[in-house]
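The values are calculated or read from the model by the stated rules, or taken from the named source; none is laboratory data. Computed from a predicted model, the values in this text were never measured in an experiment. A quick note on method: Cβ atoms are made from the backbone with ideal geometry, for glycine too, and the neighbour counts reach across all protein chains shown.
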Amino acid sequence: MKQPKIQRQISLANFTTWKVGGPAEWFAEPNDVNDIKELISWSKEHNLSCQIIGAGSNLLINDTLLKGLTICTKKLQGAKIDVETGLIDAQGGEPIPVLARRAAKAGLHGLEWAVGIPGTIGGAAVMNAGAQGNCTANRLVSLTAISLSGGEPFELTNKELKFDYRQSLLQQEELMVLSVRFKLDPGHDRQELSRITTENLNHRLKTQPYNLPSCGSVFRNPEPQKAGKIIEKLGLKGIRIGGAEVSKTHANFIVNSGSASAIDISRLITLIQEKVEDSHGLLLQTEVKRLGFESIH
Ligand SMILES: Cc1cc2nc3c(=O)[nH]c(=O)nc-3n(C[C@H](O)[C@H](O)[C@H](O)COP(=O)(O)OP(=O)(O)OC[C@H]3O[C@@H](n4cnc5c(N)ncnc54)[C@H](O)[C@@H]3O)c2cc1C
C-alpha cells in the first residue's frame, strides 16, 4: 500500500476561515479510507495524538505548534445523489454549500438553508450545523466513522449520535466522520429550490460579514436569547484586541481585520464573556472549537 504524504510544520492559518493558527507538527490530506487507516496506524506507531480538521470554519487554532498529526479532510469530496429516493451519500470532506446546490438542482428539498455554511459535511455532522430553524440532524440518517485509535469503519445512526443544539456525540468521541447519509424530499421544482437557495445565500451576505475572515457565530445562543443581541446591546460592536474585532455587521461574529493572532481572538472572546457575565450573570459558551489551547469553554 502506498504511504499517504505526511508533511512537517505546515501552517494551519491557510486551513482556517479565521486565517489564524500556528504550524501543525505533522499534517496530511488523505485521499481515501486506506490513506486514513495508514495515517491512524502511523500516529499510533509514533505515539502521536491525532486531530481532524474539515474546512476550519469553526476552529480557533492556537498560534503555537500544534502537536501530533493533523488530518485535513478537504480531499475527501464527492456525493452520490439518488434523485428518485432523495438519499444522498456524501463524503466527509464534501463542502456543504456544494452539496446544498447539487441537491437543489436534483429537485431534492431539505438543504436549501445550508448554502451559506462554509464547512464540510463531516464538520456539519460534528457541530450539528444549522440555520433558519433547520439543522443537519433533521436530514441525517446515519454516518460512517472510524476510531482515531484504529479499527474498521462502522455506522452510527441518527439516534446514536445524540444530536442537540450545535451538539453531537462526535464532540466527545475520538472519531473521524468518513461519510454521511442524508434523506431529502425528492420530486420538487428544481428552479424554485435553486431560487430559494440563492435567496438564502444573498440574505446572509447582506446580514453577516462574509467579506472578512471569521468563524461564523462565536457563541452559542443562550436560548431563548440571542448572543449577538446581548453583545450588541452592551455596545461591544467594533471593539478590538489587536487585529480581532467584534463585527460591526453582526455582534456574534469576531472578524480578523488583517493581522489578528489566535491569542487576540481568544482574549476578545474572554473579554466579551466577562462583560456579559458582569452585566447579565450569564456565561456565554463558545460554539467555536479550540485546538492547541489548554482550557476550553
Ligand atoms: C461565514 C460563516 C458562517 C457560518 N454560518 C454558520 C451557520 O449558519 N450555522 C452553523 O451551524 N455554523 C455556521 N458556521 C460555522 C461552521 O461553518 C460550521 O460549524 C461547520 O459545520 C464546520 O465545518 P468544518 O468542516 O469547517 O469543521 P471544522 O471547523 O474544521 O471543525 C469543527 C469541529 O469538527 C471536527 N471535525 C471536522 N470534520 C470532521 C470529521 N470529518 N470527522 C470528525 N471530526 C471532524 C473538528 O475536529 C472540530 O472539532 C459559519 C462559519 C462561517 C465562517
**OP:** Looking at (1) more than 8 Å from the ligand (Cβ to nearest atom); (2) under 18 Å from the mean Cα position of the chain (by Cα); (3) crowded, with 22+ Cβ neighbours inside 10 Å; (4) within 19 Å of ILE88 (Cβ to Cβ), find the lone condition where PHE219 falls short.
**Re:** (4)
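Give the range 37-66 a look and list any residue that's away from the ligand (no atom under 15 Å from the Cβ) and out of contact with any Lys or Arg (no Cβ under 9 Å at 6 or more places or on another chain), or say none.
Keep residues of the range 37-66 that are away from the ligand (no atom under 15 Å from the Cβ), which gives 38, 41-42, 44-48, 63-65.
Result: SER41, TRP42, LYS44, GLU45, HIS46, ASN47, ASP63, THR64, LEU65.
Could you check the range 199-215 and list, in sequence order, the residues that are of a type in the set (D, E, K, R) and either in contact with a helix residue (DSSP H, G or I) (Cβ under 8 Å, 6 or more places away or on another chain) or within 11 Å of the ligand (Cβ to nearest atom) (or both)? So that I can check it myself, show each step before the final result.
Going residue by residue through the range 199-215, those that are of a type in the set (D, E, K, R) are 199, 204, 206.
Result: ARG204, single match.
Being polar (S, T, N, Q) and surrounded by 15 or more Cβ atoms within 10 Å (Cβ to Cβ) is the filter here, so list the residues in the range 147-161 that pass it.
Matches in the range 147-161: ASN158 only.
I need the strands (runs of 3 or more DSSP E) fully contained in the range 20-115, keeping only those with at least 3 residues that are touching a residue at least 60 places away in the same chain (Cβ under 8 Å).
Hits in the range 20-115: 50-53, 59-61, 66-72, 87-91.
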Original post:
Restricting attention to the range 257-273, does a residue exist that is under 23 Å from ALA55 (Cα atoms), in contact with a Pro (Cβ under 9 Å, 6 or more places away or on another chain) and either of a type in the set (Val, Ile, Thr) or crowded, with 22+ Cβ neighbours inside 10 Å (or both)?
Top reply: yes
Original post:
Out of the range 116-139, which residues are in a loop (DSSP other than H, G, I, E, B), modelled with pLDDT of 95 or more and under 18 Å from ASN202 (Cβ atoms)?
Top reply: ILE117, PRO118
Subject >> Residue satisfying condition, being within 30 Å of TYR210 (Cα to Cα) and crowded, with 22+ Cβ neighbours inside 10 Å, within set LEU12, LEU65, LEU39 >> reply: LEU12
Original post:
Just wondering, is there one or more residues in the range 283-296 that are modelled with pLDDT under 95 and either over 19 Å from LEU60 (Cα atoms) or hydroxyl-bearing (Ser, Thr, Tyr) (or both)?
Top reply: yes
Original post:
Is there a residue being of a type outside the set (A, V, I, L, M, F, W, C), more than 19 Å from the chain's Cα centre (by Cα) and surrounded by 13 or more Cβ atoms within 10 Å (Cβ to Cβ) anywhere in the range 170-183?
Top reply: yes
Original post:
Could you say whether any residue in the range 259-280 is farther than 18 Å from ALA13 by Cα, in contact with a Phe, Trp or Tyr (Cβ under 8 Å, 6 or more places away or on another chain) and within 11 Å of the ligand (Cβ to nearest atom)?
Top reply: no
